[in-house]
2 protein chains.
Amino acid sequence: MRNTARWAATLGLTATAVCGPLAGASLASPATAPASLYAPSALVLTVGHGESAATAAPLRAVTLTCAPTASGTHPAAAAACAELRAAHGDPSALAAEDSVMCTREYAPVVVTVDGVWQGRRLSYERTFANECVKNAGSASVFTF
Amino acid sequence: MRNTARWAATLGLTATAVCGPLAGASLASPATAPASLYAPSALVLTVGHGESAATAAPLRAVTLTCAPTASGTHPAAAAACAELRAAHGDPSALAAEDSVMCTREYAPVVVTVDGVWQGRRLSYERTFANECVKNAGSASVFTF
């Protein structure tokens with residue numbers, strides 16, 4: 001019991017289940033996790049008005065799943081997945097829409113991308129000068 | 001021009017769009033962001049085998065949206081949203097399933113929850129002793 005307690009204490013695990021009286025309680029089989037056939041890609045993207053995610057309340061948040069198929073609340077899930085795939089899942093490598101011209105209005109907008117891309121954890125934040133520059137910052141990923 | 005450059009430099013903004021020749025290019029109106037009628041709730045949850053998210057590759061990742069309706073790749077989106085709502089969006093306040101008894105097998109599983117809950121940013125990580133304890137750690141939120 002001492003070893004286990006130390007393990008639990010050291011790692012701050014919560015020993016939620018205890019081996020109580022066996023009568024009337026079935027011992028749950030060590031649940032086998034459903035196997036995953038593909039590296040997961042599940043992201044949540046947010047946008048807020050402000051200079052950093054730490055100070056800007058998220059105004060909108062969308063989900064984006066790209067495996068096995070494109071889905072989520074992102075308004076252009078399929079296009080966004082294709083664009084991220086072309087950038088190898090790196091939001092900083094997304095190509096800006098150079099043809100769009102935006103005003104120089106300074107109303108900073110911060111975008112975050114958090115989650116997993118093809119089995120790799122991802123946490124990204126970027127600040128744009130205004131909503132127009134943000135929308136021009138990618139073909140579809142940041143347009144939500 | 002000097003002020004704007006300093007702003008951009010200071011904040012590391014990318015001045016993607018420049019006011020180039022006006023001929024043949026339309027000036028994009030400072031896109032008005034679609035208004036949001038409700039505080040967003042969009043989350044991505046991951047699970048991996050290991051003691052911390054920093055060291056454990058995500059084995060599975062699901063999305064969970066709870067506003068305006070429950071959706072996402074989480075296998076029990078509606079139940080998970082209801083459970084999170086009852087815990088006021090705080091994963092650490094989820095009630096464990098005490099009736100489930102798990103073995104003492106030590107095969108640590110780490111769960112993360114990232115995104116936005118009712119307009120508030122959320123980043124949570126918790127390590128369980130094994131998959132069974134993880135599944136018993138909530139009614140449905142961690143069961144994916």
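Considering A:Ala17, A:Ala78, A:Ala31, A:Ala67, the condition of being modelled with pLDDT under 95 and surrounded by fewer than 19 Cβ atoms within 10 Å (Cβ to Cβ) is satisfied by A:Ala31 alone. The residues of the range A:70-80 that are within 10 Å of chain B (Cβ to nearest Cβ) and over 14 Å from the mean Cα position of the chain (by Cα) amount to a single one, A:Pro75. The condition of being within 8 Å of another protein chain (Cβ to nearest Cβ) and at positive phi holds for A:Gly119. When residues in the range A:82-106 are screened for being under 17 Å from A:Cys132 (Cβ atoms) and of a type in the set (A, V, I, L, M, F, W, C), 6 of them pass. Entry remark, the range A:81-110: residues being within 11 Å of chain B (Cβ to nearest Cβ) and open to solvent by 30 Å² or more (accessible area, probe 1.4 Å) number 12 in total. Each residue in the range B:114-129 was checked for being more than 15 Å from the chain's Cα centre (by Cα) and crowded, with 22+ Cβ neighbours inside 10 Å, and 2 pass.
The values are calculated or read from the model by the stated rules, or taken from the named source; none is laboratory data. What you see is a predicted model, and the numbers here were worked out from it, not measured in a lab. Cβ atoms come from the backbone with ideal geometry, glycine included; neighbour counts cover every protein chain shown. SASA here: full protein model, heavy atoms, side chains in, ligands and nucleic acids out. Shrake-Rupley method; radii C 1.70, N 1.55, O 1.52, S 1.80 Å.
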